[in-house]
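Student: What follows is a structure written as structure tokens; I'll ask about it next.
The values are calculated or read from the model by the stated rules, or taken from the named source; none is laboratory data. Owing to the predicted nature of the structure, the values given are computational and were not obtained by experimental measurement. Using ideal geometry, Cβ is built from the backbone for each residue, glycine included, and neighbour counts are taken over all protein chains shown. The area values use the complete protein model at the heavy-atom level, side chains included, leaving out ligands, DNA and RNA. Shrake-Rupley method; radii C 1.70, N 1.55, O 1.52, S 1.80 Å.
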Amino acid sequence: MRSGHVTLGRDDRGVATLTLDRPDKRNALTEAMAADIMQALDQLRGDPDLRVLVLTATGKIFCAGGDLQWFLQSLDDTREGRIARSAVLGALTDALDSFPRPVIGRIAGDALGAGAGLVAACDVALGLETARLAFSETRIGLIPASFLTHVLRRIGPARARVIMLSGAPISGTKAAAIGLLDEACPNQAALDERTEAMIGEMLLAAPESTGATKAMIARVAACPPGEAAAHIRQCIGDMWDSDAPHQRLARFRKAP
């Protein structure tokens, strides 16, 4: 299946591969791409023979975050519209996190902003030592809010502050040390080998058990779901109501 800039394939083992395929734009997410990913996930949810999902991308960049033009449209939007636009990315990471089969992220390149959010939503995230990962929203006057719950589950509040407040990138090696990645590999061949090995491990488990275990972990670990989501929506709206994103994003609008 190919839809826009997203491709979906599967093999006879029941392993599906969902690929971000917009390398000329560094696989930056558009609203249409997010919708295509959601459609693919919905399609796979109904597949009784599915065992494992691999999330990956073409090109040297896994995902550069949200598409700049998508952000620029928010400059002229209402508060409600801005919150709704950001909620698209939140819904996307939530859908990955709650997917009823193991999700393995094969992160063969940089993951920035919402791209790092996708990494955090995977059950297992395997990347490259040389990759850069960053929550760079603060550098354009925004906040890394839509996928925050998934990041906090992976690395905790203290480490989230270290990398989110400055928006500075960290290496894949550092990301593995703090838990944003589960493993960092020295090269593509090693990454492919570890991805295949992890797939093999997941295939040894009963699919019904993996789905039930994911649901159990989420239910036990989560705070009351409405509280976090409602607060995040308010934070997004408040940030857009401030001057920072308007001043910083306006520079991109003026750029040729």
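Student: Could you list, in sequence order, all residues of the stretch 110-126 that are out of contact with any Pro (no Cβ under 8 Å at 6 or more places or on another chain), part of a strand (DSSP E or B) and touching a residue at least 60 places away in the same chain (Cβ under 8 Å)?
Tutor: Within the stretch 110-126, Leu126 is the sole residue that qualifies.
Each row is one residue, and each column tells you yes or no for (1) open to solvent by 20 Å² or more (accessible area, probe 1.4 Å); (2) modelled with pLDDT of 95 or more.
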{"site": "Val88", "(1), (2)": "yes, no"}
{"site": "Thr93", "(1), (2)": "no, yes"}
{"site": "Arg101", "(1), (2)": "yes, yes"}
{"site": "Ile143", "(1), (2)": "yes, no"}
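Student: Show the residue pairs that are 6+ apart or on different chains and have beta-carbon atoms under 9 Å apart, the first residue being within the stretch 14-27 and within 19 Å of Asp110 (Cβ to Cβ), the second being in a loop (DSSP other than H, G, I, E, B) and of a type in the set (Lys, Arg).
Tutor: Listed by first residue and then by second, the contacts come to Pro23/Lys60; Arg26/Lys60.
Student: Next question. Within the stretch 145-173, how many residues turn out to be open to solvent by 20 Å² or more (accessible area, probe 1.4 Å), assigned to a loop (DSSP other than H, G, I, E, B) and of a type in the set (A, V, I, L, M)? If you could, list the steps in order and put the result at the bottom.
Tutor: Start the filter on the stretch 145-173 by keeping residues that are open to solvent by 20 Å² or more (accessible area, probe 1.4 Å), which leaves 146, 148-149, 152-154, 157-159, 161-162, 165-166, 168-171, 173.
With the extra rule that they be assigned to a loop (DSSP other than H, G, I, E, B), the set shrinks to 146, 165-166, 168-169.
Adding the requirement that they be of a type in the set (A, V, I, L, M) leaves 165, 168.
Selection size over the stretch 145-173: 2.
Student: Take Arg153 and tell me if it is closer than 30 Å to Pro48 by Cβ, of a type outside the set (Val, Ile, Thr), in contact with a helix residue (DSSP H, G or I) (Cβ under 9 Å, 6 or more places away or on another chain) and at pLDDT 95 or above.
Tutor: Values: closer than 30 Å to Pro48 by Cβ: yes; of a type outside the set (Val, Ile, Thr): yes; in contact with a helix residue (DSSP H, G or I) (Cβ under 9 Å, 6 or more places away or on another chain): yes; at pLDDT 95 or above: no.
Here the answer is no, as Arg153 does not meet what is asked.
Student: Still on this structure, please answer the following. Pick from Ala34, Ala40: which is small (Gly, Ala, Ser), open to solvent by less than 20 Å² (accessible area, probe 1.4 Å), out of contact with any strand residue (DSSP E or B) (no Cβ under 8 Å at 6 or more places or on another chain) and assigned to a helix (DSSP H, G or I)? It would help to see each step written out before you state the result.
Tutor: Numbers: Ala40 fails: out of contact with any strand residue (DSSP E or B) (no Cβ under 8 Å at 6 or more places or on another chain).
Of the residues listed, the single one that is small (Gly, Ala, Ser), open to solvent by less than 20 Å² (accessible area, probe 1.4 Å), out of contact with any strand residue (DSSP E or B) (no Cβ under 8 Å at 6 or more places or on another chain) and assigned to a helix (DSSP H, G or I) is Ala34.
Student: Okay, moving on. Looking only at the stretch 184-203, how many residues end up being assigned to a helix (DSSP H, G or I) and over 14 Å from Val15 (Cβ atoms)?
Tutor: Let us first name the residues in the stretch 184-203 that are assigned to a helix (DSSP H, G or I), namely 188-203.
The next check asks that each one be over 14 Å from Val15 (Cβ atoms); those that pass are 188-191, 193-194.
Residues flagged as assigned to a helix (DSSP H, G or I) and over 14 Å from Val15 (Cβ atoms) within the stretch 184-203 amount to 6.
Student: Only one residue in Glu183, Glu193 is among the acidic types (Asp, Glu), open to solvent by 40 Å² or more (accessible area, probe 1.4 Å) and in contact with a Lys or Arg (Cβ under 9 Å, 6 or more places away or on another chain), so which one is that?
Tutor: Values: Glu193 fails: in contact with a Lys or Arg (Cβ under 9 Å, 6 or more places away or on another chain).
Unique residue meeting the criteria: Glu183.
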